[in-house]
Protein chains: 4
Amino acid sequence: MPRVSEEHRVARRQQIIDAAHRCIVENGFHQTSMQDVINESGLSAGAVYRYFTGKEELIRAVAEKASVHFAEAMAKVVSEHPSLSWDQALARLLSGLMSDLDESRAGTARLAVQIWGEAQRDPVVAEAALGALVAAQRRMHSLVVQLQDTGRIPKSGDAGQISQALLSFLLGCIVQSMLMEDVDLEGLAHGLAALPSPVELERAGG
Amino acid sequence: MPRVSEEHRVARRQQIIDAAHRCIVENGFHQTSMQDVINESGLSAGAVYRYFTGKEELIRAVAEKASVHFAEAMAKVVSEHPSLSWDQALARLLSGLMSDLDESRAGTARLAVQIWGEAQRDPVVAEAALGALVAAQRRMHSLVVQLQDTGRIPKSGDAGQISQALLSFLLGCIVQSMLMEDVDLEGLAHGLAALPSPVELERAGG
Amino acid sequence: MPRVSEEHRVARRQQIIDAAHRCIVENGFHQTSMQDVINESGLSAGAVYRYFTGKEELIRAVAEKASVHFAEAMAKVVSEHPSLSWDQALARLLSGLMSDLDESRAGTARLAVQIWGEAQRDPVVAEAALGALVAAQRRMHSLVVQLQDTGRIPKSGDAGQISQALLSFLLGCIVQSMLMEDVDLEGLAHGLAALPSPVELERAGG
Amino acid sequence: MPRVSEEHRVARRQQIIDAAHRCIVENGFHQTSMQDVINESGLSAGAVYRYFTGKEELIRAVAEKASVHFAEAMAKVVSEHPSLSWDQALARLLSGLMSDLDESRAGTARLAVQIWGEAQRDPVVAEAALGALVAAQRRMHSLVVQLQDTGRIPKSGDAGQISQALLSFLLGCIVQSMLMEDVDLEGLAHGLAALPSPVELERAGG
DNA sequence: CATGAATGAGGTTTCATTCAT
DNA sequence: GATGAATGAAACCTCATTCAT
């Protein structure tokens, strides 16, 4: 199959990344052997090594793809619903992250945790993961500012800190949804919204 | 009467678990070889296999130890400061989790992420991780109820949902502190406290 | 009438052999991959396999080419200077072998050693190498006879044995020049000429 | 089999080196797979890799052992027969090198050529090979001086050049004996001794 | 009981060769 | 004819585990 289009090459790469993605969601980075990926992809060992120099590069490609996907999903969720109220926005963020991101919310969460684990060892994966987080935070920063500007939430809070706290909460939801079956995402959103705010605390004399 | 005393046995087990802990924090579960643990522990291969049937059992022991540690640290943090205000309690939870748990906050976060990754594959590890989360949530539930009872936060919110949201936030902080250098934990706490509450939102007409 | 002419075929073959030659001088037979040869030749894999059935045939072609080259260089050296004295002839043989054979003496010596190594395994390569040696010895035999006939060296020695000894000496020079930087070829020639001869030994009472 | 003596470790190493030696003589360095060595040694893969970090180290060990062996054999040959005449010494050197060195002269020559080939790529092997040559030359230098001092050969020749020429001759004999069946070593020695010397050449008017 | 040398299945990767385009 | 992507056997090496001493 010579004289192959750039298109074909990209498709093949994606085919391998997808196969690796499936394996890794199922078994984790280091429990997935190259043979697993080779079998899952339907290609031969040689073919896989034509597109990736080794397992490390393949892991990085999967991590980067997932990170980009995460950031894009976050952007989409945040931008597509400009007029939501605060708790609607929260709920949308959560359900969007968990289900829009991937057909199966489990897959997303599982892969995310794998990537974080790998980030401890591979700086390239760490950078990809961090990039996704930073992009996500920026989006949420915009959202918070927008909500503040339109009076839907008070302007007293620091948008940077709020958006980072929000990010932590979302990441934590990912972890929880991975460890527990049937996490009540809506309940989580309500729980977050029900947290006391400074204004209230002052009023309560806290 | 057992030979070298039960005490000795437990001490040896702990010695091995500690060695494994250090290796895993450094390199992750699957990049840590049994030889690494053997070297780090200062024992022989045979000795390690006398106390653990294999790598799986050792991983489980490390995960369980860490989970218990996590739950205990959480209990301590929550119970030791019964009269704190809401934002003091938040800040205390965060700093307590991150530094009391372990000499190095990095180590704690890294091991946690490793355990979550392993939980995807090993039900025993999953149960340990889940147990720690459930225990932590219970503690926070108590805290929330206590704060509500003493009027330090409003009683309108569902304590279960609030405590779970709080847990998500804390888990997310662990993830963030692992991926970013010098996460501003206090800023995160402020950010969370600055989130709008339902009362405010109603007032704002959201 | 053949398609692109026999001439073209031969030129292509030579192009590939030359590429392989360069690779092998650089990296040896078995450290040179077909891909190396393919890249060095500027052709495609398919093209190389159109001209050679496989690596073995290519190796044989390189070995045969080099062997023929060696024999021709020897012939040229021996025949071009019919009236040299013994030590002039010796020096001419050495320098001719080492520099006329190839632009770089290192390349010649390196390839020769590779061929000898391969001759242990491949009878075709062995035959090529042996053929070159036999041809070289025949040339030297003629030289020795010629020198004896013209009285430039004594007729007492057996021309066959002398020429074979001479060949051994030359082969050894190749090996030495490969292992040592800056071998003093002239010194070697002097050394050989300074070896005692039977006549002297008798005279010395040996 | 724990608590093993140093002796045992050295023996095991030697066992592996010997197995590798046999494989390499038979098939060359790069046609010998680690599996071949493993099978030939009667050990397991893990055992071999306990004693050698990889194929390269094993190749080096074989090359070094052979080089030391070569130098020792040369020393022995030269020193054991202090009162030989020139042509007796020559014949003794040749037959000693070829048969004393190894039970099979073929093996010695074949391995030598392999080492020279490998020396082109591995500096450690090159150093071992060069070391053996330098040691050999020193021995022959002593021999030449001794022969000159006792009047068995003329003092006119430069001992350094003579010994180096002698070395070249011997190396060439190794090559020839590898490429040709039944090389007449005695004939070669006669041939060398029959080469014209300067004295004769002058007399002949060359 | 402790030791650590030995095992060998299985992991990652390479590379000579083929064949659809 | 030419191309170069694809193949897959086989190479090198690791590592969890065992067991003779």
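The values are calculated or read from the model by the stated rules, or taken from the named source; none is laboratory data. Worth saying up front: this structure is predicted, and the values here are computed from it rather than measured. Cβ sites come from the backbone with ideal geometry, for glycine too, and all protein chains shown count toward neighbours. In case anyone asks, the SASA skips ligands and DNA or RNA and just uses the protein heavy atoms, side chains included. Shrake-Rupley method; radii C 1.70, N 1.55, O 1.52, S 1.80 Å.
The other copies place their D:Ser79 label points at 5.1, 8.1, 8.5 nm from this one, listed shortest first, where each point is 7 Å from Cα along Cα→Cβ.
Across chain B, the mean sequence separation of Cα contacts (distance under 8 Å, 6 or more residues apart), normalised by length, yields a relative contact order of 19 percent. Within straight-line reach of C:Lys76, meaning a Cα separation under 22 Å, sit the following lysines at least 8 residues removed in sequence or on another chain: C:Lys65. The rotation axis that maps chain B onto chain D passes nearest to the beta carbon of this chain B residue, listed with its distance in whole angstrom: B:Gly46, 4. Between this copy and the others, label points of D:His8 are 2.5, 6.0, 7.0 nm apart in ascending order, each placed 7 angstrom from Cα in the Cβ direction. All Cα-Cα distances of the range B:56-195, cut into 10 Å bins from zero to the largest, leave 12, 43, 33, 11, 1 percent in each bin in turn. Comment: the Cα-to-Cβ extended label point of C:Gly54, at 7 Å, lies 2.8, 3.0, 4.2 nm from its counterparts in the other copies, nearest first.
May I ask for the angle, rounded to the nearest 10°, between helix A:159-179 and the longest principal axis of chain A, with both axes built from Cα atoms and the value confined to 0 to 90°? So the helix axis and the longest Cα principal axis differ by about 60 degrees. Across the protein assembly as shown, Cα-Cα distances exceeding 41 Å account for 56% of all pairs. Of all the stretches in chain B, which is the longest one without any exposed loop site, taking GluC sites (Glu not before Pro) in a DSSP loop (any state but H, G, I, E, B) with at most 16 other Cβ atoms within 10 Å? That would be B:1-102.
Taking each DSSP H run with n ≥ 4 as -39500 (n - 2.57) and averaging over every residue of chain D yields -24500 deg cm²/dmol at 222 nm.
Within the accessible surface of chain D, defined with a 1.4 Å probe on protein heavy atoms only, the carbon and sulfur portion equals 49 percent.
Taken residue by residue and averaged, Cβ atoms of other chains lying within 10 Å of the Cβ of C:126-135 number 2.
Short-range pairs are left out: with C-alpha atoms under 8 Å and at least six residues apart, the relative contact order of the range B:77-193 is 31 percent. On C-alpha positions alone, give me the angle between the axis of helix C:86-95 and the longest principal axis of chain C, in degrees, nearest 10. Roughly 20 degrees, rounded to the nearest 10. On a per residue basis, the protein assembly as shown carries 45 Å² of accessible surface, using protein heavy atoms and a 1.4 Å probe. Round to the nearest 10 and report in Å² the accessible area of C:Leu147, as given by a 1.4 Å probe over the protein chains' heavy atoms. Roll a 1.4 Å probe over it and C:Leu147 shows about 0 Å². Averaged over the residues of peptide A:155-166, the number of Cβ atoms from other protein chains lying within 10 Å of each residue's Cβ is 6. Interface B-A: total buried accessible area of about 5100 Å², 1.4 Å probe, protein heavy atoms only. For the set C:Arg138, A:Arg92, solvent exposure ranked by accessible area (probe 1.4 Å, protein chains only) runs largest to smallest as C:Arg138, A:Arg92.
Once all protein chains are placed together, C:Lys55 keeps about 70 Å² accessible to a 1.4 angstrom probe. How far is helix D:105-119 tilted, in degrees, relative to the longest principal axis of the Cα atoms in chain D, given as a value from 0 to 90 rounded to the nearest 10? In chain D, helix D:105-119 runs at an angle near 80 degrees to the longest axis.
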